[in-house]
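The values are calculated or read from the model by the stated rules, or taken from the named source; none is laboratory data. Everything numeric here is computed off the predicted structure, so don't read it as measured data. No Cβ is skipped: glycine too gets one built from the backbone with ideal geometry, and neighbour counts run over all protein chains shown. For accessibility, only protein heavy atoms count, side chains too; no ligands or nucleic acids. Shrake-Rupley method; radii C 1.70, N 1.55, O 1.52, S 1.80 Å.
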Amino acid sequence: MRFRFAVVFLATFVGMARAQPPLNPVTPLVRNELSPTPGQNALTLAAADRAQELGFPAIAAGLYRNLLGGSGGDRSRVTLGLATALLDEGLPAQAEAALQAFPGPRGAAWHLRAALAAAQQQKIPAARAEVAAIKADEISATDRAWHLYIQGQLAETGNDLNRAREFYQQAEGAAPNNLARARFVLAREQARLRLGPVTEAEAEVQRKNLEQFQGRRIGYNIARTYAAMLDALGHKAEAVALLQRQLVSFPFEERDELDTTRLVMGLIAGAAEGPGRNALGELLRDGSDRDKQRIALQLLARASTRDPARADFRRRLDGLIGLSSAHPIREDLLLFRAVQSLADKNYAQAESDARTLLQEFPGSPLKAHAFGMLTSSAWEQARFRTAADNAVKARGELSPGPTHAQLGVLVAEAWFRAGDFRSAADAYVATLAEPPAGVPKGDLMFQRVLAEIDAGSLDTAQAVLDELAKDPAFDPVNLWQAEWNLARALQVQKQTPAAYARVNRLMTAKPLPRQLSPELRARMAWLQARLSHDVGQDEQTLKLIDALPAAMEGISPELKKEIQSTTALLKGEADFALGHDDTALETFNKLRADFPGSDAAVYSYFDEAKQYVKQDKTVKAQQLLTRLADEFPNNTYAPYALYQAALQAERRGQEANFAEANHLIEDLVKKYPRSDLVFYARLKQGDLLRKLNQFQQAQQVYESLVNNYAQHKDVILAQLALAECHHAQAAGDPAHAESAMVLFEHLRDRIDAPVDVRVEAGFNLGYLYMQRSLQAHERGDPVREQENVARAQEVWWKDVVNEFLLKDPRQAAQLGAKGPFWMAKTLLELGDLFERQEKLEQAKEAWLLIIKTQLPGADLARARLARFDLPEAKVAPPHTP
C-alpha cells in the first residue's frame with residue numbers, strides 16, 4: 001500500500017525570485033506504489049461479490065481470477081468465491097480444481113462447495129461424505145442457506161421427497177434477499193434437468209404418460225420431464241418443439257405452471273436467442289411468480305454480455321422500468337440496469353438508477369448493492385470523496401464480517417486519494433481495529449502514519465509511529481519506509497534535526513532487520529548522510545559517505561549508479577561547507593567525468609555557482625550557469641540555469657547588467673516556452689524593465705502574465721507588480737494613478753491573497769491617497785485634501801495595522817518575509833501623518849508599536865520617539881540568541 005514513497009530535499013539559491021519554487025536536488029529514492037492497492041482490491045472484490053449475488057457468475061469468476069493473479073488480498077476468501085461462481089455457471093469440475101488450490105485450512109465453507117460440486121456431477125457418495133465433514137457450528141450466515149439446499153438435494157436423490165421439500169423451503173427462507181432466494185429456485189430447476197443417464201426406452205415410457213395425461217395438470221410436469229429427457233438424449237429441437245406446443249395451450253388459471261414451463265424452455269433452449277430468450281422475456285414481463293421472474297432476469301442478463309443481445313436486454317429493462325404501473329420486481333430491474341450502465345461507463349444512468357432504488361425502496365435488502373454501485377461509479381471517475389461517503393453507507397448496511405472489513409480499507413483509501421488526510425487517518429484507525437484478511441497490518445500502519453504526515457500533523461505522526469513501532473505486526477520494511485516519509489516531511493518543515501535523530505536511531509540499531517531489502521538499507525544510509533549535511537555536521541557527513549560503499553552491496557546496478565553519483569554531489573557540498581573548496585571542485589570534476597549528463601553531475605554546477613555567489617564572484621557564477629545551459633540544453637535544469645544566470649547579472653546592479661539579465665530571460669522563454677519557469681522569468685523581466693525605467697514595457701509584461709496565467713497560483717504577484725508599475729507612472733498620468741488604486745484596493749481585499757501581499761497593497765493604497773492629498777493642496781482644494789488624508793489614515797490604520805497586526809494574532813502570524821517590512825513602513829508613515837496633524841500621542845503609539853511587535857525599522861521608530869524624550873526610545877533592541 002504505497003500511495004507515495006518519495007523524498008524531496010529543498011535548497012534555495014542566493015537571489016532566488018520571490019515565490020519562485022526552489023530547485024529540488026536529486027535523490028536516489030524513487031516512488032514505489034503497490035498496484036493494485038488494498039482499496040482497489042476491495043473495490044474489485046465487492047464488484048465480484050455483487051456480480052455473483054446478482055447472477056453474473058462468469059463475470060464474477062473473471063474478477064476473482066484477476067484478484068488471485070495479483071498480489072495481496074484474502075486469497076482464501078477469493079478462492080471460495082471463485083468456486084461458488086463456477087458452480088453457479090455449471091462448471092463443477094473447474095470448481096473442484098479451484099478448491100484443490102485453496103490455500104487455507106479446509107473448513108465448513110470448503111466442504112460445502114466440494115459437496116455442491118460433487119452433487120452437480122452426480123457423485124452422490126462423495127457429496128454425502130463432504131456434507132458429513134461439515135461442522136454445523138462453523139457454517140457462516142451467508143452459507144447456511146446453501147447448506148440446507150445441499151441436504152435437500154441429497155434427500156431428493158434418496159427419494160425422501162418430504163424431507164427434501166422441507167430442506168428446500170428452509171433454504172429459501174434463509175436466503176438474505178429475493179435475488180438470493182431466486183438462485184435457490186434456479187438451482188433446483190437446474191438439478192431436476194440433470195437427470196443422469198437416460199435411455200430411449202425410458203423416454204418412450206414418459207412420452208406415453210404424456211399422451212395419457214395430456215391437458216390435465218399432472219401432464220404439465222410430465223411434459224417438462226419428457227422435454228428434459230429428450231434434451232439429455234441429444235434431441236434438443238424436439239424438446240423445444242414440445243415445450244412450444246405446451247406454452248400455447250395453457251389456460252389462464254394455470255399461470256404458475258406456465259411460469260415454470262417458460263423457465264424450463266429458457267434453460268433447455270438457452271437464453272441467448274430464439275424460443276428460450278422469448279420465453280424468459282415473457283416470464284420476466286408478465287409472470288406471476290416473482291422468484292421465477294428474478295431467475296428470468298438473471299438468465300437474460302447472463303446471456304446479454306455482447307450485442308445484439310446486450311442492446312435487446314437494455315431495451316427490455318427500459319421498457320419494464322418505464323411502465324406506468326410499477327413492475328413487481330422494479331427494484332431488481334433498477335439494480336440490473338445500474339450494473340449494465342456502470343459496465344458501459346454510463347455513470348449518470350448508473351447513479352440515477354441506484355439513487356432511484358434507494359429513494360423508492362428505503363427498506364430494500366438491495367441497499368448495500370445500490371451504495372456499492374454509487375461507490376464504484378464515483379471511484380472510477382476519481383471522485384474519491386463521494387466514493388468514501390457511499391462506501392461508509394454501504395458498510396453501514398452490512399453486519400461485521402469480511403466484506404465489512406474490506407470496505408473499511410476502501411473508505412480509508414478513498415479519503416486518502418481525495419486528499420482528506422485527516423479523515424483518512426481516522427479511517428485507518430478504524431480499519432486497524434477491524435483489519436481485513438489478506439491485508440498485512442503493517443501496510444495499514446504505514447498508511448496511517450502517511451495520512452498523519454499528509455494531514456500536516458507531524459507531532460501526531462511521530463507519536464503514532466513510535467507507538468505502532470511497538471507492535472510486532474509493524475514489519476521492518478513498512479516501519480523504515482514510514483520513517484523515511486516522516487523524515488522527508490520533517491525536513492521540508494525545517495525540522496531537519498528531528499528527522500536526522502530519527503534516522504540515526506534506525507541506523508544505529510544493531511543488528512539491522514534481516515527483512516530489509518539491500519535497496520532500502522542503501523537508501524536509508526544515503527538519507528542519513530544527506531541529513532547530517534543538512535544539520536551542519538559535515539565532518540560526520542564525510543564519515544558516513546566513506547561507509548556507504550559497504551551499504552550498497554547487493555543493490556541493482558541502476559540504483560548503485562544513482563547513489564554513487566548523488567553521494568559524490570553530497571561530498572562536494574560537505575567539502576564546500578568545511579571550506580575545502582579545492583577538494584570540492586575536484587570531486588565535482590570527477591563526478592562530471594564519471595557520470596556525464598546525470599542529474600547529480602548537472603546539479604553540481606548549481607552548487608559550484610552557489611559557492612561563487614557566496615564569494616561575490618557573480619560573473620564567474622553567471623558564466624558557469626550559462627555554460628550548463630549551453631552544454632545540457634535538454635536537461636530539466638537548463639531553464640533554471642538561465643534563470644539563475646539572469647539573477648547573477650542583476651546582482652551587479654548596473655544598467656548594462658540589467659539589460660544582460662533581460663537578454664538571458666528572453667533566451668529562457670524562447671528556448672523553453674513550456675517550462676514552469678516562464679511565469680517567474682517574465683515576472684523577473686518586468687522587474688528588470690522597471691529598473692531600466694522602461695515602465696511601459698514592464699506594464700505590458702505584467703498585463704500579459706495577468707491575462708495569460710489567470711489560474712496560476714502566483715498570478716497575484718503579477719497583479720501586485722502591475723499595480724506598482726502603474727503607481728510609478730502615476731505622476732505624469734492620472735489614469736495610471738486610478739488603475740493603481742483599483743488594483744491595490746482589489747489585492748488588499750482578496751482573502752485568498754497572501755497576508756504579505758495584502759499588507760503591501762494596503763500601504764501603497766494609503767500612499768496614493770496621500771499623494772492625492774498633496775495634489776489637492778497644490779490646487780488649493782482643502783476639502784479634497786482632507787478627504788484623501790482621512791482615507792489614507794483609514795486604510796493604514798483600519799485595513800492594515802488593525803486587520804493584520806492587532807485584531808487577529810493568526811493574521812499577524814502569517815506575516816512572511818516581506819510583510820513585517822511593509823507593516824513597519826505603514827506605521828512609520830502613519831506616525832508621521834499623526835505628527836503633521838499634531839496628534840502627538842497617536843504618533844507615539846504608532847512608532848511604539850514597531851518596537852513592541854519587534855518589527856524591522858525599530859531604530860527609525862526610536863529616532864522619532866527620541867524627539868519627545870520618551871524612555872521607550874532608549875530601550876535597547878531585544879536580544880536574539
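If you line up the long axis of helix 161-174 against the longest principal axis of the chain, both from Cα atoms, how many degrees apart are they, to the nearest 10?
20
How do the peptides 455-464, 823-832 rank, highest first, by the average count of neighbouring beta carbon atoms within 10 Å per residue?
So the peptides 455-464, 823-832, ranked by packing, come out 823-832, 455-464.
What percent do you get for the relative contact order of segment 716-768 when only Cα pairs under 8 Å and 6+ apart count?
34
Sequence neighbours fewer than 8 away in the same chain don't count; with that in mind, list the aspartates and glutamates whose C-alpha is under 16 Å from residue 560.
Of all the aspartates and glutamates, those that pass the test against residue 560 - Cα under 16 Å, at least 8 places apart if same chain - are 519, 546, 594, 599.
Rounded to the nearest 0.05, what FRET efficiency is calculated for residue 786 and residue 535 with R0 set to 41 Å and r the Cβ-Cβ distance?
0.10
Nearest 10 degrees, 0 to 90: what angle lies between the long axis of helix 599-614 and the longest principal axis of the chain (Cα atoms)?
With rounding to tens, the tilt is 20 degrees.
Residue 554: net charge of surrounding residues, Cβ under 10 Å, Lys/Arg +1, Asp/Glu -1, itself excluded?
Summing Lys/Arg as +1 and Asp/Glu as -1 gives 0.
Given a Förster distance of 30 angstrom, what is the FRET efficiency for residue 133 paired with residue 165, based on the Cβ-Cβ distance and rounded to 0.05?
The pair residue 133/residue 165 has a calculated efficiency of 0.75.
Could you calculate the FRET efficiency of residue 504 with residue 623 from 1/(1 + (r/R0)^6), where r is the beta carbon distance between them and R0 is 41 Å, rounded to 0.05?
Rounded to the nearest 0.05, the efficiency is 0.55.
What percent does the relative contact order of segment 536-586 come to when contacts are Cα pairs within less than 8 Å and at least six residues apart?
Reported relative contact order: 43 percent.
Any chance you could check the Cα centroid distance between segment 562-590 and segment 485-512 for me, in angstrom?
Each part reduced to its Cα centre gives a spacing of 23 Å.
Tell me which lysines have Cα within less than 27 Å of residue 345's Cα, excluding those fewer than 8 residues away on the same chain?
Once the sequence-local lysines are set aside, what remains near residue 345 is 367, 393.
Work out how much length residue 581 to residue 807 would gain on full extension: take 0.36 nm times their residue separation and subtract the Cα-Cα distance, in nm to one decimal.
Answer, rounded to one decimal: 76.3 nm.
Among the listed pairs 494/852; 590/620; 713/844; 510/561; 617/713; 610/825, give every one whose C-alpha distance is greater than 29 Å.
713/844; 617/713; 610/825
Run the helix sum for the chain: -39,500 (n - 2.57) per DSSP H stretch of 4+ residues, divided by residue count, reported at 222 nm to the nearest 500 deg cm²/dmol.
-23000 deg cm²/dmol, from helical runs alone.
For residue 364, tell me the accessible area in Å² from a 1.4 Å probe, rounded to the nearest 10.
Taking all protein chains as shown, residue 364 has close to 10 Å².
What is the gain in length, in nm to one decimal, between residue 752 and residue 654 on full extension, counting 0.36 nm per residue of separation less the C-alpha to C-alpha distance?
31.6 nm
Which whole-number percentage describes the relative contact order of the chain, with Cα contacts under 8 Å and a sequence gap of 6 or more?
Relative contact order of the chain: 6 percent.
Go through 356, 853 and list them by solvent-accessible area, largest first, probe radius 1.4 Å.
Most to least solvent-accessible, the answer reads 853, 356.
If you fit an axis through the alpha-carbon atoms of helix 458-468 and take the longest principal axis of the Cα set of the chain, what angle between them do you get, 0 to 90°, nearest 10?
Tilt relative to the chain: about 40 degrees.
Quick check on segment 246-349: take the gyration tensor over C-alpha atoms, sort the square-rooted eigenvalues as a ≥ b ≥ c, and tell me if it's rounded (a/c under 1.5), prolate or oblate.
Oblate, because a/c is 1.5 or more while a/b does not exceed b/c.
Post the alpha-carbon centroid distance, segment 696-712 to segment 775-820, in whole angstrom.
Rounded to whole Å, the Cα centres lie 27 Å apart.
For the peptides 98-110, 809-821, 117-129, what is the packing order when you average, over each peptide's residues, the other Cβ atoms within 10 Å and list the highest mean first?
Put in order of decreasing packing, that is 117-129, 98-110, 809-821.
Take residue 315 and residue 273, extend 7 Å from each Cα along the Cα→Cβ direction, and tell me the distance between the two endpoints in nm.
1.5
Net charge within 13 Å of residue 545 by Cβ-Cβ distance, Lys/Arg positive one each and Asp/Glu negative one each, not counting residue 545 itself?
Its environment carries a net charge of -2.
How many nm is it between the label spots at residue 670 and residue 141, if each spot is 7 Å from the Cα in line with the beta carbon?
Distance between label points: 7.5 nm.
Note the full-extension length gain between residue 860 and residue 794 as 0.36 nm times their separation in residues minus their Cα-Cα distance, in nm to one decimal.
Extra length from residue 860 to residue 794 when fully extended: 21.5 nm.
Lys and Arg at +1, Asp and Glu at -1: add these up for the other residues within a Cβ distance under 12 Å of residue 270 and post the number.
Once all neighbours under 12 Å are counted, the net charge is +1.
Pull up the cross-link candidates among the aspartates and glutamates for residue 671, meaning alpha carbon to alpha carbon under 15 Å and not fewer than 8 places away within one chain.
Cross-link targets: 630, 631.
Any chance you could check the Cα centroid distance between segment 517-531 and segment 232-271 for me, in angstrom?
If you average the Cα positions of each part, the centres end up 73 Å apart.
In 20 Å bins starting at 0, how do the alpha-carbon pair distances of the chain split up by percent?
P(r) for the chain, in whole percents per bin: 11, 29, 27, 20, 11, 3, 0.
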